[in-house]
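Notes follow the structure.
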Amino acid sequence: MVVKEKETVQETAKKEVKKTTTDKKVASINKLRIKVTAYEHKVLDTSVKQIMDTAFKFDAQVLGPVPLPTSIKKYTVNRSTFIFKDAREQFEMRVHKRLIDIISPSQKVIEALTNLNLPSGVDIDVKLM
């Protein structure tokens, strides 16, 4: 009798684990994650505002924009080719990033976002999660 009770407890625990894993999968699939990157923050902010306006136009639930850390690439170059090694110039490139999540997007929202005309220099990565 004791053995049967342990088996039923283990079986119920397995069933509960299966239910929670399937619930997490269903909840995480219905999200559209948009990562927007640009060199100029003003252009980036205007394009993010344009994306947000189109999402709000179709009554989509939007999380963000979340500012991600700016990645800075620095380059050091010699000014002179041969004699003056101490004379150097430093250049840097800053890449600004924003993250926008659209929860359970409809087909109209996805179609409107694909038809957006954004300025040059703005890169968009779209993932369906």
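Any read-out appearing in this document is the output of simple, stated calculations on the displayed coordinates, not a laboratory observation. Model, not experiment: these values are computed from the prediction. Cβ placement follows ideal geometry from the backbone for every residue including glycine, while neighbour counts extend to all protein chains displayed.
Out of region 75-107, which residues are among the aliphatic types (A, V, I, L, M) and either surrounded by 12 or more Cβ atoms within 10 Å (Cβ to Cβ) or within 19 Å of Lys127 (Cβ to Cβ) (or both)?
Passing the criteria: Val95, Leu99, Ile100, Ile102, Ile103.
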Quiz item: What residue, among those in region 37-63 that are touching a Lys or Arg at 6+ places or on another chain (Cβ under 7 Å) and either of a type outside the set (Phe, Trp, Tyr) or surrounded by fewer than 13 Cβ atoms within 10 Å (Cβ to Cβ) (or both), is farthest from Met93 (Cα to Cα)?
Solution: Val48
